[in-house]
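Below is one structure, written out as structure tokens; comments come after it.
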Amino acid sequence: MVQILVVDDSPVDRMLISAILQRNTGWEVATANDGHQAIDAMRQTDFDLVVTDLQMPELDGLGLVRAIRDEFLSVPVVLVTAFGSEKQSVAALQAGAANFSLKSRLKTDLVPTVRNVLNWAEAVRRATEDSREAFDMGSVKRSLAFVMDNNVGQIRNLIETLDTNLPDWAEQDSIRISMALEEALCNAICHGNLEVDSGLKESEDCSAYENKIRERKDAEPFCERRVRVHAEFTEQSIRFQIDDEGPGFNPHNLPDPTTAENILRPSGRGLLLIRSFMDEVHHNQMGNRITLVKKRSVTSCHQTPLKTQS
């Protein structure tokens, strides 16, 4: 049984978030009134994930993310954010949160966001268990290369393969690396090779965006394009290079995803997560290559794995 802790100082918001998370999911939800109460609850119960508001008295959401990072390294955190807390949201993502959901879109966005984080946590746990016993740096594949067509369904399998080379990294870091890769690969396929405008995500149900992807996936010249992934692993860092065969773009024209007007837009979410989760992010001049670098932190050592979902 998946156990989730909801942290919010507003009784109404706690009730709303809990109801959304419990509806048709089978998840078990507990609540805490503030960050201090949340830490006390986590010392008593092994939660799979924490959903927290950002603006709370005493220990706020950012402080809670940092506290969880220090004491419960295997537990991912999803933020609930609203207009006016943009800077705090970015700081919390950089401090260790795994994703965020907008208060204005909770009914449609919260459950998919939480489920995606839980799925990546489970994938990381499986990859860690599969490779931990045989692990030593001599067994890590120092360099891997892949070629993908424009099927987004391939992304998870590829990332899980890469995750098997990170058995000694903290699970929170591995989850965030996986999610950054997912966003970068989706961008390479959908925006690079298929040239689908990210602005189509702004529609309420994203149907226009998804329809355009389906339409172009098997149409020329888009179907002939490929995505190439190259990964390099060392004891202290990992480096991913992702190339698409689209026409590219001017990297200097990329919007800043951390500004107030962009952070609350669905189309800016991927770039925000990539920049928050990786230590270095670079685009080539043509705009059809992204390079991601993650350095091992002093806390990035393996912790007790997350529970298996049921």
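FYI, it's all coordinate maths here, none of it is from the lab. Just so it is clear, the model here is predicted, and its values are computed rather than measured. As a convention, Cβ positions derive from the backbone with ideal geometry for all residues, glycine included, and neighbour counts pool all protein chains shown.
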So how much slack lies between ALA208 and LYS107, counting 0.36 nm per residue of separation and subtracting their Cα-Cα distance, in nm?
34.4 nm
In what sequence do VAL152, VAL229, VAL6 fall when counting other Cβ within 10 Å, fewest first?
VAL152, VAL229, VAL6
Greater than 28 Å apart at Cα, pairs in LYS201/LYS295; LYS107/LYS212; LYS103/LYS217; LYS87/LYS201
LYS201/LYS295; LYS103/LYS217
Taking θ = phi - 60°, what integer Hz values does the Karplus form 6.51 cos²θ - 1.76 cosθ + 1.60 yield along the range 187-200, in sequence order, with x for Gly and Pro?
5, 5, 6, 6, 8, x, 5, 8, 6, 8, 5, 5, x, 5
Normalising by the residue count of the range 3-121, find the relative contact order in percent from Cα pairs under 8 Å and 6+ residues apart.
23 percent
Sorting check: for 283-293, 174-184, 45-55, which peptide has the highest mean count of neighbouring beta carbons within 10 Å, and how do the rest follow?
174-184, 45-55, 283-293
Using only the Cα atoms of the chain, build the gyration tensor, take square roots of its eigenvalues as a ≥ b ≥ c, and label the shape rounded, prolate or oblate: rounded if a/c is under 1.5, else prolate if a/b is larger than b/c, else oblate.
oblate
Using the Cα gyration tensor of the range 1-142, with a ≥ b ≥ c the square roots of its eigenvalues, what is the shape: rounded (a/c below 1.5), prolate (a/b larger than b/c) or oblate (neither)?
prolate
With a Förster radius of 30 Å, plug the Cβ-Cβ distance of ARG156 and GLN22 into 1/(1 + (r/R0)^6) and report the FRET value to the nearest 0.05.
0.70
With +1 on the Cβ of every Lys and Arg and -1 on the Cβ of every Asp and Glu, the dipole magnitude of the chain about its Cα centre, in debye rounded to the nearest 20, is 280 debye
Rounded to the nearest 500 deg cm²/dmol, what is the calculated helix-only ellipticity per residue at 222 nm for the chain, with -39500 (n - 2.57) per DSSP H run of length n ≥ 4?
-12000 deg cm²/dmol
Over the chain, what relative contact order in percent results from Cα pairs under 8 Å that are six or more residues apart?
17 percent
Could you work out the relative contact order of the range 135-295? I mean the mean sequence separation of Cα pairs under 8 Å and 6+ apart, divided by the number of residues, in percent.
27 percent
Packing rank of 142-149, 74-81, where each peptide gets the mean count of other beta carbons within 10 Å, highest leading
74-81, 142-149
In sequence order, calculated HN-Hα J values of the range 227-234 (Karplus, 6.51, -1.76, 1.60; Hz; x Gly/Pro):
10, 10, 10, 10, 10, 10, 10, 10
Extend 7 Å from the Cα of MET15 along its Cα-to-C-beta direction; within the range 28-48, residues with backbone N under 19 Å of that point are 29-34
Please list, in order along the range 45-61, the HN-Hα scalar couplings obtained from phi with the Karplus expression 6.51 cos²θ - 1.76 cosθ + 1.60 (θ = phi - 60°), rounded to whole Hz, x for Gly and Pro.
9, 8, 7, 7, 6, 10, 10, 9, 6, 8, 9, 9, x, 6, 8, 7, x
